[in-house]
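The values are calculated or read from the model by the stated rules, or taken from the named source; none is laboratory data. In this text, all values refer to a predicted model and were calculated from it rather than measured experimentally. Cβ atoms come from the backbone with ideal geometry, glycine included; neighbour counts cover every protein chain shown. Surface areas here come from the heavy atoms of the whole protein model, side chains and all, with no ligands, DNA or RNA. Shrake-Rupley method; radii C 1.70, N 1.55, O 1.52, S 1.80 Å.
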Amino acid sequence: TEGDVHVSLQSPRVNYKKFNATDAVADLLLTSDEVALNKVFLRHANGSMEMKGSMKEAGGNNAVTITTNMRKLDIPVLFESFGNFGQDAITHESLEGLITADVNLSTTVTDQATILKEHSQGTIDFLVENGELNNFEPLQRISEKAFKKQDFTHIKFADLKNRLVVKGTAFIGNKMEIRSTAI
């Protein structure tokens, strides 16, 4: 027989590799072909995250949709917890500040829990407050060649607000004015 299972979880701590959270609450619905996250809330990186979404079974490749609302998360902790989100351009070692973001993403995950990045699409609306870019090698190379009297090792910037569009492994950003201490 088939049946649905409704699960409500509460945990003071959640730890997975470098991801550490507290005050976790989750409401899940498990059916024969879907795992639905009705609501997940947790405290992470000195801020909070709330998520909902689903994973629908589809013969080895599973459709995943997720909506995440992040509020005032410490960027270096967030980036390190998620392995710099699979990229090495800007890492937890070079960024400082707080991020608030609304993420809407869909992708495909195999039965072996591998994300098929080429299937990923969605949007990320974000606000970065008290941002800093430190020891960012591409800017340091520019400073050595074009702006020899400028020190680009430690750059503070005003609040950044923008939308990124996710298409496969590409993150496409809209034109954005950045006020910083660089020049």
Per-region count, the range 31-48, residues assigned to a strand (DSSP E or B) and modelled with pLDDT of 95 or more:
11
Name the one entry in E50, E96 that is closer than 19 Å to L127 by Cβ and in contact with a Pro (Cβ under 8 Å, 6 or more places away or on another chain).
E96
Tally of residues being over 21 Å from K117 (Cβ atoms), open to solvent by less than 40 Å² (accessible area, probe 1.4 Å) and assigned to a helix (DSSP H, G or I) across the range 76-100
1
Taking T114, is it surrounded by 12 or more Cβ atoms within 10 Å (Cβ to Cβ), out of contact with any Ser or Thr (no Cβ under 9 Å at 6 or more places or on another chain) and of a type in the set (S, T, N, Q)?
no
Report the residue count in the range 152-183 for those that are modelled with pLDDT under 90 and open to solvent by 100 Å² or more (accessible area, probe 1.4 Å).
7
Which pairs do you get when a residue that is touching a residue at least 24 places away in the same chain (Cβ under 8 Å), found in the range 22-33, comes within reach of a residue that is surrounded by 14 or more Cβ atoms within 10 Å (Cβ to Cβ), reach meaning Cβ atoms under 8 angstrom, with the pair 6+ apart or on two chains?
L29/V35; L29/A36; L29/N38; L30/A36; D33/E57
Looking at L73, is it surrounded by fewer than 16 Cβ atoms within 10 Å (Cβ to Cβ), touching a His at 6+ places or on another chain (Cβ under 9 Å) and not hydroxyl-bearing (S, T, Y)?
no
Just wondering, is there one or more residues in the range 125-138 that are modelled with pLDDT of 85 or more, in contact with a His (Cβ under 9 Å, 6 or more places away or on another chain), surrounded by 11 or more Cβ atoms within 10 Å (Cβ to Cβ) and at positive phi?
no
Just to be sure I understand, how many residues within the range 1-58 are open to solvent by less than 60 Å² (accessible area, probe 1.4 Å), of a type in the set (D, E) and within 27 Å of T100 (Cβ to Cβ)?
1
Pick out the one residue from A63, A24 that is touching a Leu at 6+ places or on another chain (Cβ under 7 Å) and in a strand (DSSP E or B).
A24
